[in-house]
Every structure is written in C-alpha cells, then in structure tokens.
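Down below is the structure, laid out as structure tokens.
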Amino acid sequence: MENNNKKSRRDFIRSGTRLSILLTLGAVGGIAAKHLTAEKYVWQIDPFKCTQCGRCATSCVMTPSAVKCIHAFNLCGYCDLCGGYLKPDANKRSTAAEDQLCPTAAIARKFIEEPYFEYVINEDLCIGCAKCVKGCTSFGNGSLHLQIIHKRCLNCNECSIARLCPSQAISRVKASKAYNVKGSFTKDSKV
Amino acid sequence: MKNKGIVFFLIILAVVIVAVVAIDFNASKPDKQPANPYAFNVDPFSRIDTALILFKESRDLAISFSEPTGISFRGDELFVVGDQKMQIIEPTGKLMNEVSFDQKPTCVYASAEKIFVGFRKSITILSRDGVKIADWNSFSDSTVITSIAEKSGIVFVADAGKRIIRKFSFDGKAQGEIEGKSGNDQIHGFIIPSPYFDLAFNTDGELWVVNPGKHSLENYTVDGKLRTWWQASSIKIEGFSGCCNPAHFAFLPDGSFITSEKGLIRIKTYKPSGEFSGVVAAPSKFTENGHAPDLAIDNQGNIYALDADKKMLRLFVKK
C-alpha cells in the first residue's frame, strides 16, 4: 500500500514539467494581455503653451512635418481681415499669393456671405510652420493652432520637435485623448 | 611600434567622437539653432514710437479679483466686477462696498442713481449703495450681454450673441432694438466675431457703438438710425487690426475716443472726428496675448484700464 502512494521519479518530473509549462503560458498570456490593454501614449502639442516659433516645420523627422495647423471653427470669427491668412502689410484682402501669409498657400479662403469668410486648411500642403497660428493668435481669436497628426507621426521614442521646443509645449498624452483641439481642450484641461 | 600606432589611432578616434558628440549636443539646443526661415515676428507691430505716447502710467491699484471683467466710473467711485462680485472702490484704492452674486458678471455701468450689472443673460439693478432693486431675466438663450449704458431713462444693452442693441425702460420694459443696419451698402449691421461689443454715450449725449468686425465706431440716434461713423482698419498704429477691435472704448471729457484693443493689446486715443491722436499705453505694457483692458474715464480725463492679466487697475494720466 505504501508503495502505491509514492510517486515515481518519472511522475514527479512529468508533473513538474507540466506545471512549468502551465506557469510559463500563464505568464506569457498575462504579459500579452497587459500589453494589449495598457494605455498607449503619443506625442501632442498643448496649443496654449505653443509660442508659434516655427520649429515644428524644420525639426520633425518627417518631411513635410507631421505637425499641421488645424482650425477650431467654433472659435473663428470668419473675418474678412484675417490675421492668420493675410500678411499684416497685405496690399488688399484678396487671395493673391503676395497677400497670403502662408508660405505654401495651404489655407483656402472661401466666401460665405458678406462680410464673412471661411478658412480651411489643406493638410497636404501645410508644413506646420505656424505663421498663420502666430498671426491668428496675435491679431485674431486664436482659432488656428498646431497639432501633431497621428496618421503622419512616427511616434518616435524621443520626439525631435519636443527636444527642441522652446516652450516645452509637446508632451506624451494618452492615445485615447490624442488631440488637444482648442474649443474642447481648454487652458485648464488636465490631460 | 605596431601597438603605438593602434593606441595613437584609438586616441584620435576617441577625440573625434567626443568632438562630434559635443558639437551635435550644442547644435541641438534651441538657442543654438540657425535662424528659422518660417519664424513670423510680430514684434515690429508692437513697437511704438515714443513720441506718439501721450499718457503716462501714474499708479496701479491691486484688486482682489481672480477674473475681473468690467469697470465703470461715476462720481468719485470706481465700480469693478468680476468673479461673482462687484466692488466699489475709491480712486485711492480704498474698498467702499462689495456685493456678491451667484454668477459671474460680464460688465457694469453706474448711472447717477443706479448700478447696472450685466451677466451673460441677465441684468441686475442695484442702488448706488449696492442694494438690489431688480433683476431683468427676459433674454434669449443666445444672448451675451457685453455692455450697458443709460441715457434719459432708457437703458441700452449690447447683446453680442444676438448682435443687436436692446433698449429698456428703467422698469425693465423692452423699448425696441437697434440692428445697426442702414441703406448704406458700406454698413452691414453689427459684425461681432467674438464677445466684444461695447457702447457708450459721449459728453454730448450721442450714442456710439463699436462695430468690431468692421473696425468702426458708429453713432446712432436713440431710435437706432445711423448718424455717422468712422473706420480705421489697419495693422498700423493708426488703425485697428485683428478680427474684433476695438474691444472696449470710452470718452474723454472733450469727446475724444479712448480705445482698447485685443490681440496686440494697446490703448489709443482718437479725436472726436475719428482721427488718430496718439497712444495711451503701448503693447509692451501688457501681457502678450492677454485680455483687452476695459476702460473707465474719471472727470479729469484720467484713464483707468482694468488689466485682467495682471489683476490691477492701471491709471494713465496725460503727460
């Protein structure tokens, strides 16, 4: 009877191997599950910290930059005299290239009704230089602002723009709140 | 000999690597970067020829508001609103009275007998000693009250949300509206891109209203008929720039306009005809991208500017 209760050496090794495999599988599964469910982080600009220095156009590893101007239409005044669209010393308020502030003509000025105009950013043309953002912030409502567009961003471990940003406006944010769009994102928002 | 060569080579290599790393590290610092071809410098527009500055800042009064929003002057008292309160302050800075509200005021106007405190969608009328007399709540949801003035028993209320001026009797009965339209094609009506829509009476009793989207000041009869207007739309110091300026204005005793601009913050003075006279306060006096200061003028023509960013009342007197 005593002999029957004793496990043989072979059984012991077999059980130990099974347990090890089970534990390993569990650990790998757990790590994978944690990895899948963990919050991811991406780089984004805080528009209220941005000083529109223009470095986003030249410092991004992407060409053109993954930083683009976006327009918070709910903040825009739809003005004829738009500080983001027209050069301060523009000859007249027109769509002539010489009067436009944007170096790549990435802003389309559309007539709505007298005297209102809509300004739409062409993302493919925008290089993220922030000239329009500076003009809009200095002379207008501040509806134009920069954001990192994630379908274009490589999400580098160390963002080359963040490293150089003089106002430290670029930081990691949760991927579930990947954009800090003015209007819904306010100065006092906690990311 | 062979070992010496290898050591020499390794030393040279190490020096080169250290030099490359050091140069790269320094070159990558923001202040060591070459000039940015895309930088847009607006500083030249904020520089003012000192010969144009006709006023000097004589004193500042610290105020106990976290978000001051409006100011008025009547008699020898300053009326300041913000947060959820109104303070009556002597020009010396002494606090005379404080009245609390359950919401944040947007503007204030003190007449000879009453104080009108504007909120986003309502008006509270107080006696001059701060006792509540009435509440006017019959405004629409899209109303944004930005300025109040009174003349001959009619209260004029600037509604930036509806882009009209509402008229009321003292007992709160509606007396009509001013839409700012005229037969003149150049005048479109009130264009209010953001909640800055100011109105005031000059010393001759004429109603003047800012049309900020047009960079103009317009004079209306109390019936709402356009009498005259002047416009100054320019990035230069003589004009108003941006989408909605002037944000606030007031009158000197001689009828000259004092204007306050948002964006590139500056306070300027214009003759009663609308011709540019000079500068009261240059942009360098204010916080960059801050709030346009509301204005109040005392009986001597001294200008009180409500600096919401520095949270103080700044007094400017003629040089």
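The values are calculated or read from the model by the stated rules, or taken from the named source; none is laboratory data. Quantities reported herein were computed from a predicted structural model and do not represent experimental measurements. Note that we place each Cβ from the backbone using ideal geometry, even for glycine, and neighbour counts take in every protein chain shown.
Tell me which residues, restricted to segment A:68-95, are within 24 Å of the chain's Cα centre (by Cα) and closer than 19 Å to A:Gly183 by Cα. It would help to see each step written out before you state the result.
So in segment A:68-95, the residues within 24 Å of the chain's Cα centre (by Cα) come out as A:68-76, A:84-85.
A:Lys68, A:Cys69, A:Ile70, A:His71, A:Ala72, A:Phe73, A:Asn74, A:Leu75, A:Cys76, A:Gly84, listed by residue number.
Note on segment A:156-183: residues that are surrounded by 18 or more Cβ atoms within 10 Å (Cβ to Cβ) and of a type in the set (D, E, K, R) amount to 1. Total residues in segment B:301-319 satisfying the condition of being β-branched (Val, Ile, Thr) and surrounded by fewer than 23 Cβ atoms within 10 Å (Cβ to Cβ): the figure is 1.
Regarding segment B:106-113, can at least one residue be identified that is within 14 Å of another protein chain (Cβ to nearest Cβ), under 30 Å from B:Leu313 (Cα atoms), surrounded by 10 or more Cβ atoms within 10 Å (Cβ to Cβ) and touching a Gly at 6+ places or on another chain (Cβ under 9 Å)? Lay out the reasoning, then the answer.
Step one: list which residues in segment B:106-113 are within 14 Å of another protein chain (Cβ to nearest Cβ), which gives none.
Scanning segment B:106-113 turns up no residue that is within 14 Å of another protein chain (Cβ to nearest Cβ), under 30 Å from B:Leu313 (Cα atoms), surrounded by 10 or more Cβ atoms within 10 Å (Cβ to Cβ) and touching a Gly at 6+ places or on another chain (Cβ under 9 Å).
Is it true that B:Asp171 is within 23 Å of B:Cys243 (Cβ to Cβ) and of a type in the set (D, E, K, R)? Taking the combined requirement at face value, the residue does not satisfy it. The set of residues in segment B:215-248 that are touching a strand residue (DSSP E or B) at 6+ places or on another chain (Cβ under 8 Å), surrounded by fewer than 23 Cβ atoms within 10 Å (Cβ to Cβ) and within 14 Å of chain A (Cβ to nearest Cβ) comprises B:Ser216, B:Gln231, B:Ala232, B:Ser233, B:Ser234, B:Ile237, B:Glu238, B:Gly239. A Cβ distance below 6 Å, combined with a sequence gap of six or more or placement on separate chains, defines the contacts here; from segment A:16-42, residues that are of a type in the set (Val, Ile, Thr) reach residues that are at pLDDT 90 or above in the pairs A:Val42/A:His150; A:Val42/A:Asn155; A:Val42/A:Ala175; A:Val42/A:Ala178.
State whether one or more residues within segment A:138-155 are of a type in the set (S, T, N, Q), in a loop (DSSP other than H, G, I, E, B) and buried (at least 21 other Cβ atoms within 10 Å of the Cβ). Checked against the condition, which is being of a type in the set (S, T, N, Q), in a loop (DSSP other than H, G, I, E, B) and buried (at least 21 other Cβ atoms within 10 Å of the Cβ), segment A:138-155 yields at least one hit. Hey, among the residues in segment A:37-81 that are away from every other protein chain (no Cβ under 14 Å), touching a strand residue (DSSP E or B) at 6+ places or on another chain (Cβ under 9 Å) and not in a loop (DSSP other than H, G, I, E, B), which one's surrounded by the most Cβ atoms within 10 Å (Cβ to Cβ)? The extreme case among them is A:Gln44. In segment B:263-282, is there at least one residue being buried (at least 17 other Cβ atoms within 10 Å of the Cβ), farther than 26 Å from B:Asp76 by Cα, at pLDDT below 95 and among the β-branched types (Val, Ile, Thr)? Scanning segment B:263-282 turns up at least one residue that is buried (at least 17 other Cβ atoms within 10 Å of the Cβ), farther than 26 Å from B:Asp76 by Cα, at pLDDT below 95 and among the β-branched types (Val, Ile, Thr).
In summary, strands (runs of 3 or more DSSP E) completely within segment B:219-319 and bearing 1 or more residues that are aliphatic (A, V, I, L, M) and under 14 Å from the mean Cα position of the chain (by Cα) occur at B:248-251, B:257-261, B:266-270, B:276-281, B:294-297, B:303-307, B:312-318.
What residue, of A:Gly16, A:Gly83, A:Gly26, is assigned by TED's automatic domain parsing to the domain that holds A:Ser167 and small (Gly, Ala, Ser)? Step through it out loud before you land on a result.
Details: A:Gly16 fails: assigned by TED's automatic domain parsing to the domain that holds A:Ser167; A:Gly26 fails: assigned by TED's automatic domain parsing to the domain that holds A:Ser167.
Criteria check complete, one pass: A:Gly83.
So that you can scan it fast, the table gives a plain yes or no per residue for (1) out of contact with any Ser or Thr (no Cβ under 9 Å at 6 or more places or on another chain); (2) over 24 Å from B:Val42 (Cβ atoms):
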| site | (1), (2) |
| --- | --- |
| B:Leu226 | no, yes |
| B:Ala232 | no, no |
| B:Glu261 | no, no |
| B:Lys268 | no, no |
| B:Phe276 | no, no |
| B:Ile297 | yes, yes |
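For A:Gly83, the stated conditions hold: it is within 15 Å of B:Phe40 (Cα to Cα) and at pLDDT below 95.
Filter segment B:224-240 for residues that are touching a residue at least 24 places away in the same chain (Cβ under 8 Å) and over 22 Å from B:Gly278 (Cβ atoms) and give the result. The answer is B:Gly224, B:Lys225, B:Leu226.
Scan segment A:87-108 for residues that are away from every other protein chain (no Cβ under 13 Å) and either exposed (fewer than 11 other Cβ atoms within 10 Å of the Cβ) or more than 20 Å from B:Ser234 (Cα to Cα) (or both) and jot them down. Give the steps one after another, and end with the answer.
The first filter runs over segment A:87-108 and keeps only residues away from every other protein chain (no Cβ under 13 Å), leaving A:94-98, A:105, A:107-108.
Matches in segment A:87-108: A:Ala97, A:Glu98, A:Ala105, A:Ile107, A:Ala108.
The single condition among (1) under 28 Å from A:Asn74 (Cβ atoms); (2) hydroxyl-bearing (Ser, Thr, Tyr); (3) touching a helix residue (DSSP H, G or I) at 6+ places or on another chain (Cβ under 9 Å) that B:Ser260 does not meet is (3).
Residues that are within 19 Å of B:Thr106 (Cα to Cα), at least 2 per element: which strands (runs of 3 or more DSSP E) completely within segment B:130-197 meet that? Spell out the reasoning first.
Working: elements: B:132-136, B:145-151, B:154-159, B:164-169, B:174-178.
Output list reads B:132-136, B:145-151, B:154-159, B:164-169.
I'd like to know if segment B:269-289 contains one or more residues that are touching a residue at least 40 places away in the same chain (Cβ under 8 Å) and within 21 Å of B:Ser64 (Cα to Cα). So far as segment B:269-289 goes, yes, one or more of its residues are touching a residue at least 40 places away in the same chain (Cβ under 8 Å) and within 21 Å of B:Ser64 (Cα to Cα).
Looking at segment B:283-300, is at least one residue crowded, with 22+ Cβ neighbours inside 10 Å, assigned by TED's automatic domain parsing to the domain that holds B:Asp76, out of contact with any helix residue (DSSP H, G or I) (no Cβ under 6 Å at 6 or more places or on another chain) and more than 27 Å from A:Leu81 (Cα to Cα)?
Scanning segment B:283-300 turns up at least one residue that is crowded, with 22+ Cβ neighbours inside 10 Å, assigned by TED's automatic domain parsing to the domain that holds B:Asp76, out of contact with any helix residue (DSSP H, G or I) (no Cβ under 6 Å at 6 or more places or on another chain) and more than 27 Å from A:Leu81 (Cα to Cα).
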